[in-house]
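Trainee: Sharing a structure with you now.
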There are 2 protein chains.
Amino acid sequence: MLLKVKNIPIGTGDIVIAVLCEQDATHMDLQPEDRILLKHKGKSIVETVDIIKKNNNTKKNYKQEMLTRGQIGLFLEAQYALNINSGETIEISTAQKPISLQYIKKKLEGKRLTSKELHILVQDIINKNLSDVELAYFVAGSYLQHMDMAEVTALTEAMVHSGDILKLPQHIIVDKHCIGGVAANRTSILIVPILAAAGLTIPKTSSRSITSAAGTADTVEVLCPVVFNLDKMKEIIMKTGGCLVWGGAMSLAPADDKIIQVEHPLSIDPTGQLLASIMAKKKSVSATHVLIDIPVGRGAKITDMKEAIKLKKMFEELARRLHMKVAVITTDGSQPIGNGIGPSLEARDVLWTLKNSSKGSIILKNKSIYMAGVLLELTGKAKKGKGEEIAREIVETGKAYQKFMEIIKAQGGTIKKPEEIRLAKKSQTIFAKKTGIITHIDNGTINKIARIAGAPHDKEAGVYLHYHKGAHVKKGDKLFTLYSDSQERLDYALETIKKIDGIEIR
Amino acid sequence: MLLKVKNIPIGTGDIVIAVLCEQDATHMDLQPEDRILLKHKGKSIVETVDIIKKNNNTKKNYKQEMLTRGQIGLFLEAQYALNINSGETIEISTAQKPISLQYIKKKLEGKRLTSKELHILVQDIINKNLSDVELAYFVAGSYLQHMDMAEVTALTEAMVHSGDILKLPQHIIVDKHCIGGVAANRTSILIVPILAAAGLTIPKTSSRSITSAAGTADTVEVLCPVVFNLDKMKEIIMKTGGCLVWGGAMSLAPADDKIIQVEHPLSIDPTGQLLASIMAKKKSVSATHVLIDIPVGRGAKITDMKEAIKLKKMFEELARRLHMKVAVITTDGSQPIGNGIGPSLEARDVLWTLKNSSKGSIILKNKSIYMAGVLLELTGKAKKGKGEEIAREIVETGKAYQKFMEIIKAQGGTIKKPEEIRLAKKSQTIFAKKTGIITHIDNGTINKIARIAGAPHDKEAGVYLHYHKGAHVKKGDKLFTLYSDSQERLDYALETIKKIDGIEIR
């Protein structure tokens, strides 16, 4: 069938879509999400069909601008692929749907997917052959039907091969990951210099915040650039032993990012996907020894130990199948780790802590040292039982701080004094309304307030906690201070605090 | 935040979408499918966010056409709602996501939805507040998690109230529905005139074909118009007692159509949705007595009786809760009903059968009479055990045919002789390759071949079966004849037949 092209001056940035009017679609027996093959001057591409329904309420002049019979709307990606202009004629015919749709249906019906099927599915994801609706069905199927460890392994491997792989000459490559949900949990920023100072290789990629007030990448970016390609990342690692870069700037396990995007609207996180997602990112940087931190507690992602142990066992099984060594720990997820929440506030925390200053965060320091110790033992760098001791020595002698400065410089940053890191102009301190012991500080609420204040896109905004759980406070003591560059945001944050404190005193 | 509008000269025809570039989205803390509020000169609408990712492969001149920072792409619906032009500035702020997303999440997690929650969800569907991805999650949740009868009832009622309701003065209003999957199953076209001739009121709406070679609406349209609004439909019913119109032209249970559209890419049909979908359409025409036909057999949608009985019980329970009377029958779904498959071929079948001609279809006649009989008894028009007899009398005395002519005229059609209904120019007959008994005629294959031939959009195309299951045929006997207006389509249909016969002779 021949149709006249109507170029739409925008891209989808994603899957290639062609728009038809309802009558032509019906005539060609097409429904939304069906596939058509477009041919023009020797080039051809497969597109997903989108159908404009007749809108009876549209004013006359707008109706003329809608798609008419005989027209096909093409977004920029298609125009570019076919090198075609508006008004030109193009031949369209029905095309097969991607075979992976059968696999998605299989998963929805609770059947096992083979390694080959998962590889094809992941290929279709990165080749943008599947629509978001079709991917949503895959996510739902993974969420509600069982994915056994063979499937998760195959999915992980498929994800690794869907993108670039960082190859390093060292035999031992270390990495870590925290399940998340805990505010100010910047242990990576200490662990990397500790382990690099111990002579290990740690190619740490981190994400920007998704729902929290800051991701590790946002915080590090206060001190130095984090956006590098794979080659530059390798350079930094070969020079210093470690790095703290933004994973999103590279193409590591890219299928994972697409799946996460489709999971987002419903905030669902199928366990199989979670496992594959994390281990794929680690394997794509060739990690051989990995630490997984599962924070457990009230207000964390995982609230009970039973669930955490279950997840731990799955990580251990998956690592075994991927020929990686893993140590899975459960830590306290019931409150924010550091004192500052928000990029600049956290950056200051990190620097003070590495410098062994009393202004640093004891909780952050102890947790980071503990975790670094586990990795020192896992890799054999430290004898069993000696890891924490060695990690503590590296911090307290200033070696970790020196290495951190080295990494910052290698990433193009300059040494800053923590007190020189600017915070947002306006601030407001919240005081304790009564005397007592702090029994709970809610991660979600604190993150929310920090975000309302402007973090992370306003790096200087956030929240500073004067006390942590267990502290005795007197009525009138400072509890926390809000920082924001906008009075409007500050006011809204204060309003929110009136409704949901976030800090419980008994 | 203020952004400059870039108008996109096309509509989405559906949910209102605004497009942002990646940097602005990150700055505003937005991800795809988040919601934003747009305000302009006193008007405001909530839109779903779509994000253009930076495409590093795009040529320079195309990059300029992509969305730049500070720009927001608006499709026609938004432009119309806000009365805004390209280049104008608009204020955007984050908006709450629809509350029904929480309900969709609930369903995914296997929890019961309350009647109120289902009503809000359905409202969000028809107000185009939910994206296709979000709806896909609802469909997946309904498919994989249990939906109890209270939920199905509430969903049905919500769907009914999502659109128009046909109100009629009669106390008894009859309707029927067939689960589908059987080719040439045009029983409705006989049942309507039979029951209307008996003095019952039967406001029959039908669909066009979705995956078959013809829907009832396609076949009736060969004889008279089927597109009417609700008022005109009521007029036809008040005049003749019945009608055979296309449901898609009206706004009856519109949420159902949207859900069906989202089910389509994966062809999933959650039972709860199926039940609600069917009964909602019946209730929206105020039906009090409904016949549900579940064809069972090899090649039908439902292949075993156990499944059919299960479904039957659910229909009966749902009808009870909706205060409707229902008769659920199981019939032979293992082969096409009529002789012709395709709109014109089926129209000829129907006319010949109603005229009691030997050219008619005995199977279609007997099945329709049986079903009409069940409804005559259900409504009390016929004593128990007498329904079929009375229905047969109505057909064989020509009363059904007279009534059918009346309905056709009321719908603006003219009386045609069956032999005057044109068929496609080219035809090809397939002959029996051996002598034996026909043991199977596959519905799916026959439908597929008829569609390849051009049905239903080419009304004159299709397949004509010379024999049905159980018939003794000799080698060389005509089995079936293909009709198509296109040699290309005919050839392709013949090729397909070589691979998958569709007719089994033993």
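The values are calculated or read from the model by the stated rules, or taken from the named source; none is laboratory data. Everything numeric here is computed off the predicted structure, so don't read it as measured data. Here the Cβ positions follow ideal geometry from the backbone for every residue, glycine too, while neighbour counts run over all protein chains shown. Side chains included, ligands, DNA and RNA excluded: accessible areas come from the protein's heavy atoms. Shrake-Rupley method; radii C 1.70, N 1.55, O 1.52, S 1.80 Å.
Trainee: Take A:Ile341 and tell me if it is over 18 Å from A:Val374 (Cα atoms) and in contact with a His (Cβ under 9 Å, 6 or more places away or on another chain).
Mentor: Answer is no for this residue.
Trainee: Oh, and also: Being free of Cβ contacts under 8 Å to residues at least 60 places away in the same chain and farther than 17 Å from A:Leu155 by Cα is the requirement here; does A:Asp304 meet it?
Mentor: It is true that A:Asp304 is free of Cβ contacts under 8 Å to residues at least 60 places away in the same chain and farther than 17 Å from A:Leu155 by Cα.
Trainee: Conditions first: (1) out of contact with any helix residue (DSSP H, G or I) (no Cβ under 9 Å at 6 or more places or on another chain); (2) farther than 26 Å from B:Pro265 by Cα. B:Ile90 passes all but one, so which condition is the exception?
Mentor: Evaluating B:Ile90 over (1) out of contact with any helix residue (DSSP H, G or I) (no Cβ under 9 Å at 6 or more places or on another chain); (2) farther than 26 Å from B:Pro265 by Cα leaves (1) as the failure.
Trainee: Only residues in segment A:446-468 that are within 12 Å of chain B (Cβ to nearest Cβ) count as the first member; pair them with residues that are among the basic types (Lys, Arg) and assigned to a loop (DSSP other than H, G, I, E, B), Cβ under 8 angstrom, at least 6 apart or cross-chain, and list the lot.
Mentor: A:Pro456/A:Arg208
Trainee: Taking the options B:Gly181, B:Gly215, B:Gly199, name whichever one is open to solvent by 30 Å² or more (accessible area, probe 1.4 Å) and closer than 22 Å to B:His468 by Cβ.
Mentor: Answer to the selection: B:Gly181.
Trainee: Exactly one condition in (1) at the interface with chain A (Cβ under 9 Å from one of its Cβ atoms); (2) modelled with pLDDT under 80 is false for B:Asp50; which is it?
Mentor: Going through the list (1) at the interface with chain A (Cβ under 9 Å from one of its Cβ atoms); (2) modelled with pLDDT under 80, B:Asp50 breaks only (2).
Trainee: Next question. Given (1) closer than 27 Å to B:Glu377 by Cβ; (2) open to solvent by less than 10 Å² (accessible area, probe 1.4 Å), identify the lone condition not met by B:Glu316.
Mentor: Only one criterion is unmet by B:Glu316, namely (2).
Trainee: Since B:Arg298 meets every condition but one in (1) part of a helix (DSSP H, G or I); (2) in contact with a strand residue (DSSP E or B) (Cβ under 8 Å, 6 or more places away or on another chain); (3) open to solvent by 60 Å² or more (accessible area, probe 1.4 Å), which condition does it not meet?
Mentor: Tallying (1) part of a helix (DSSP H, G or I); (2) in contact with a strand residue (DSSP E or B) (Cβ under 8 Å, 6 or more places away or on another chain); (3) open to solvent by 60 Å² or more (accessible area, probe 1.4 Å), B:Arg298 fails exactly one: (1).
Trainee: Here's something else I'd like to know. Return the total of residues in segment A:104-127 being open to solvent by less than 60 Å² (accessible area, probe 1.4 Å) and either within 11 Å of chain B (Cβ to nearest Cβ) or more than 29 Å from the chain's Cα centre (by Cα) (or both).
Mentor: Count: 6.
Trainee: Kindly indicate the residue of segment B:94-103 that is open to solvent by 50 Å² or more (accessible area, probe 1.4 Å) and free of Cβ contacts under 8 Å to residues at least 40 places away in the same chain and also nearest to the other protein chains (Cβ to nearest Cβ) among those meeting that condition.
Mentor: Looking at residues that are open to solvent by 50 Å² or more (accessible area, probe 1.4 Å) and free of Cβ contacts under 8 Å to residues at least 40 places away in the same chain, I get B:Gln102.
Trainee: What number of residues within segment A:73-92 satisfy the criterion of being within 11 Å of chain B (Cβ to nearest Cβ) and open to solvent by less than 50 Å² (accessible area, probe 1.4 Å)?
Mentor: 7
Trainee: May I pose another question? Just to be sure, is A:Ala276 more than 14 Å from chain B (Cβ to nearest Cβ) and either touching a helix residue (DSSP H, G or I) at 6+ places or on another chain (Cβ under 7 Å) or of a type outside the set (A, V, I, L, M) (or both)? Walk me through it before giving the result.
Mentor: Numbers: more than 14 Å from chain B (Cβ to nearest Cβ): yes; either touching a helix residue (DSSP H, G or I) at 6+ places or on another chain (Cβ under 7 Å) or of a type outside the set (A, V, I, L, M) (or both): yes.
Judged against the criteria, A:Ala276 is a match.
Trainee: If I filter segment A:6-45 down to residues being in a strand (DSSP E or B) and more than 29 Å from B:Asp257 (Cβ to Cβ), which single residue comes out as farthest from the other protein chains (Cβ to nearest Cβ)?
Mentor: Step one: filter segment A:6-45 for residues in a strand (DSSP E or B), giving A:6-7, A:17-21, A:35-40, A:43-45.
Checking the rest, the ones that are also more than 29 Å from B:Asp257 (Cβ to Cβ) come to A:7, A:39-40, A:43-45.
Numbers: A:Asn7: 9, A:Lys39: 16, A:His40: 17, A:Lys43: 15, A:Ser44: 18, A:Ile45: 14 Å.
Taking the candidates together, the pick is A:Ser44.
Trainee: Within segment A:323-357, work out how many residues are surrounded by fewer than 24 Cβ atoms within 10 Å (Cβ to Cβ) and not polar (S, T, N, Q).
Mentor: Of the residues in that region, 10 qualify.
Trainee: Considering A:Gly248, A:Gly241, which residue is open to solvent by 10 Å² or more (accessible area, probe 1.4 Å) and either within 18 Å of the chain's Cα centre (by Cα) or under 30 Å from B:Lys107 (Cβ atoms) (or both)?
Mentor: Details: A:Gly241 fails: either within 18 Å of the chain's Cα centre (by Cα) or under 30 Å from B:Lys107 (Cβ atoms) (or both).
After applying the criteria, what remains is A:Gly248.
Trainee: Is it the case that A:Val226 is closer than 30 Å to A:Arg422 by Cβ and open to solvent by less than 10 Å² (accessible area, probe 1.4 Å)?
Mentor: When the stated conditions are applied, A:Val226 passes them.
Trainee: Continuing with this model, one more query. Taking B:Met279 as meeting all but one of (1) over 13 Å from B:Leu166 (Cα atoms); (2) surrounded by fewer than 23 Cβ atoms within 10 Å (Cβ to Cβ); (3) out of contact with any strand residue (DSSP E or B) (no Cβ under 7 Å at 6 or more places or on another chain), write down the number of the exception.
Mentor: So the condition that B:Met279 fails would be (2).
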